[in-house]
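Shown next, in structure tokens, is the structure this report addresses.
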Amino acid sequence: MNLKRTKLPQHIGIIMDGNGRWALKRGYTRLFGHEKGVDAVKKTIDFASEIGIKVLTLFAFSTENWKRSSEEIDGIFEIIEKYLDTDFEEYKNKGIKVRTMGDLSKIPQNLQKKINECITTTQNNKGMIVNVAVNYGARDEIIRAVNNLIKTEKKEVSIDDFKENLYTYGLPDPDLIIRTSGEMRLSNFLLFQSAYSELYFIKTYWPSFNEKHFKRALKAYSKRERRFGGNHN
């Protein structure tokens with residue numbers, strides 16, 4: 001596949017699903033699946049940056065994930081913290097800019113601190129933006145935006161006003177959303193922003209997602225005609 005001749009999306013969102021099921025099918029713990037999922041994150045960021053994707057939004061931890069066991073939740077946060085410790089310098093040197101979306105106030109303070117350090121350190125970088133959704137839910141994001149607008153006492157609100165109060169303010173809407181593991185739903189991910197996104201579902205569990213799968217998603221995207229509600233010619 002010649003990516004130079006392929007129409008690439010500017011912004012890709014990925015629902016990284018299936019870590020636990022990948023592990024359990026192989027006789028491992030769910031946490032081992034999350035650890036292997038980090039390897040897929042690294043490969044995906046590297047590949048997306050190399051081919052010129054502008055924004056990559058990764059759904060790392062949802063507001064619904066709090067329903068899981070405390071052991072799994074604590075383990076996930078430890079894995080994320082370890083990942084930032086070992087790989088952040090590499091991304092900083094590659095010019096990658098880190099952003100987050102979600103309510104960070106509810107996650108462990110050490111992790112909050114590390115994430116904020118990453119954001120501050122890379123804020124002037126000019127490379128690909130990696131936007132990580134942590135303790136994020138689209139419904140919560142929409143309610144947050146509404147409450148922010150209520151405080152302004154505006155009598156009428158435009159779409160631009162609304163967008164200014166979303167976590168993704170300043171970013172283009174996602175052109176393509178990929179979900180792994182065979183589930184075919186958005187699961188409270190970028191509901192407002194994905195109004196005209198192309199959706200691509202793959203049965204592969206996230207830890208097994210690789211460059212081959214990514215290229216297939218890009219190829220499928222390149223063949224679609226995006227009309228944004230307009231008439232078909």
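The values are calculated or read from the model by the stated rules, or taken from the named source; none is laboratory data. Source: prediction; values computed, not measured. As a convention, Cβ positions derive from the backbone with ideal geometry for all residues, glycine included, and neighbour counts pool all protein chains shown.
The table for this structure:
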| item | result |
| --- | --- |
| One residue from Arg185, Arg216 being surrounded by 14 or more Cβ atoms within 10 Å (Cβ to Cβ), of a type in the set (D, E, K, R) and at pLDDT 95 or above | Arg216 |
| Qualifying residue in region 222-231 (condition: under 18 Å from the mean Cα position of the chain (by Cα), under 20 Å from Leu8 (Cβ atoms) and of a type in the set (S, T, N, Q)) | no |
| Any hit, region 141-161, residues being under 16 Å from the mean Cα position of the chain (by Cα), within 28 Å of Ile76 (Cβ to Cβ) and modelled with pLDDT of 95 or more | yes |
| Set Asn131, Asn135: member being in contact with a strand residue (DSSP E or B) (Cβ under 8 Å, 6 or more places away or on another chain), in contact (Cβ under 8 Å) with a residue 40 or more places away in the chain and at positive phi | Asn135 |
| Among the candidates Ala40, Ala48, Ala23, residue that is more than 24 Å from Leu218 (Cβ to Cβ) and small (Gly, Ala, Ser) | Ala23 |
| So Leu149, is it under 29 Å from Thr44 (Cβ atoms), surrounded by 15 or more Cβ atoms within 10 Å (Cβ to Cβ) and out of contact with any Gly (no Cβ under 6 Å at 6 or more places or on another chain) | no |
| Some residue of region 75-87 being of a type outside the set (A, V, I, L, M), touching a residue at least 40 places away in the same chain (Cβ under 8 Å) and under 17 Å from Asn210 (Cβ atoms) | no |
| Enumerated strands (runs of 3 or more DSSP E) restricted to region 1-120, each holding at least 1 residues that are in contact with a Lys or Arg (Cβ under 7 Å, 6 or more places away or on another chain) and modelled with pLDDT of 95 or more | 11-15 |
| Enumeration of residues in region 49-96 that are touching a Phe, Trp or Tyr at 6+ places or on another chain (Cβ under 9 Å) and basic (Lys, Arg) | none |
| Extreme residue, surrounded by the most Cβ atoms within 10 Å (Cβ to Cβ), among residues of region 131-144 that are under 17 Å from Ser105 (Cβ atoms) and aliphatic (A, V, I, L, M) | Ala133 |
| Filtered residue count, region 21-62, keeping only those that are without any contact (Cβ under 8 Å) to a residue 40 or more places away in the chain and small (Gly, Ala, Ser) | 1 |
